[in-house]
Amino acid sequence: MYFDDHTIIYQDGKWVKASDGHISVYSQVLHYGTGVFEGIRSYAIDGQPRMFRSEEHFKRLIYSSNAIGLSFHKTVLELKQITYDLMRRNNMVEAYIRPFVYSDPMMSLSYSEAAHIGICAWPWRKLHGEKLTRLYISSYCRPHPRSCKIEAKVSGHYVNSILAATDARAKGYDDALQLDVDGYVAECSGANFFMEKDGVLYTSPPGHILPGITRDSILQICRRLGIPVKQKRFLPKELFEADGAFMVGTAAEVSGVQSIDDKPFAKKWTSTFGYTLQKEYEKATRQDIKWEEMNQEMDTG
Ligand code: PMP
């Protein structure tokens, strides 16, 4: 359960009980998926909540909203302050935070005149650790970048992710690895993907993926550690010859991949770059070091 009788959420400038929060059944989001959202993690630093790279998440929320014509009037700083207030009101420290923006009541196929904003959070401590994921190459490809705003985190896009992930689980795997429309490896249903081959990491460039904030964190850590990375499209047959692979995302953090379509990798997880990066990411999120002091700007190129 994500909430109980005491949980407080933020909705359009008000603090309300989660059980009292409501959305009109005529909201366009319910009918056509015109909402956007974020997923942010808060970690305990000396017993206090600290959101990891929240400014980048709130910037992406604003970008995603504008991408589908949902404009709301809050700055990144205001969103950050409201979220820390939400954490205090709920007495939460380690949490998954879900800001969401959604459309007005409207049935026509046009941009909503007004946007609404809510923020909720639930306790979250999970660390994937040594558990490795068994991936299945899905027959559901990622949405075509010419048929949607692929770099925006739009609610409606997630029907595609749900189809792919559910199908993979029904077939006995943990998650789906999705290809782009041209058959190259794109990303997992809710995380970006890296493979290691002959001492180099490869990840799909922006274009057919949601270029995640964790993916950016990993690119920056690689630069600092001198791990070579190429942002380049690659085919499943190249992946089958890889030494290792891992998934990255706010929820997944850095999670090792055990196999693709039951085919394991050449290297043991603990001897891969992925394992080193998992430990580095754990430090970056859970130690009292400010990300900006260790690293630089977003690198999506
Ligand atoms: N791709 C997809 C499809 C996702 O849903 C997510 C999770 N937001 C990611 C990648 C990873 O993004 P981030 O690192 O910003 O959480």
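The values are calculated or read from the model by the stated rules, or taken from the named source; none is laboratory data. In this text, all values refer to a predicted model and were calculated from it rather than measured experimentally. Please note: Cβ atoms are built from the backbone with ideal geometry, for glycine as well, and neighbour counts cover all protein chains shown. All accessible areas refer to the heavy atoms of the entire protein, side chains included, with ligands and DNA or RNA removed. Shrake-Rupley method; radii C 1.70, N 1.55, O 1.52, S 1.80 Å.
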Boolean, residue 209 is part of a loop (DSSP other than H, G, I, E, B) and open to solvent by less than 20 Å² (accessible area, probe 1.4 Å) = yes
key: Whichever residue in region 77-114 is surrounded by fewer than 16 Cβ atoms within 10 Å (Cβ to Cβ) and among the aliphatic types (A, V, I, L, M) and, among such residues, is farthest from residue 27 (Cα to Cα)   = 77
key: Every residue from region 221-270 that is more than 30 Å from residue 123 (Cα to Cα), within 16 Å of the ligand (Cβ to nearest atom) and aliphatic (A, V, I, L, M)   = 229
task = Could you please give the count of residues in region 168-209 that are within 15 Å of the ligand (Cβ to nearest atom), over 16 Å from the mean Cα position of the chain (by Cα) and within 21 Å of residue 275 (Cβ to Cβ)?
result = 1
remark   = Cβ pairs under 9 Å, 6+ apart or interchain, first in region 160-176 and more than 16 Å from residue 209 (Cα to Cα) and outside the structural domain of residue 148 (by TED's automatic domain parsing), second of a type in the set (Val, Ile, Thr) and open to solvent by less than 30 Å² (accessible area, probe 1.4 Å), ordered by first then second residue, are none
inquiry  = If residue 240 satisfies all but one of (1) in the same structural domain as residue 165 (by TED's automatic domain parsing); (2) of a type in the set (A, V, I, L, M, F, W, C); (3) open to solvent by less than 20 Å² (accessible area, probe 1.4 Å), what's the number of the condition it fails?
reply    = (3)
inquiry  = So if I check each of 75, 7, 34, which one is within 30 Å of residue 294 (Cβ to Cβ) and out of contact with any Leu (no Cβ under 6 Å at 6 or more places or on another chain)?
reply    = 75
ask   = What residue, among those in region 147-164 that are near the ligand (Cβ under 10 Å from one of its atoms) and assigned to a helix (DSSP H, G or I), is most open to solvent (accessible area, probe 1.4 Å)?
value = 158
query = Yes or no: residue 34 polar (S, T, N, Q) and open to solvent by less than 60 Å² (accessible area, probe 1.4 Å)?
reply = yes
remark   = The one condition residue 215 fails out of (1) open to solvent by less than 20 Å² (accessible area, probe 1.4 Å); (2) closer than 24 Å to residue 153 by Cβ; (3) assigned to a loop (DSSP other than H, G, I, E, B); (4) not small (Gly, Ala, Ser) is (3)
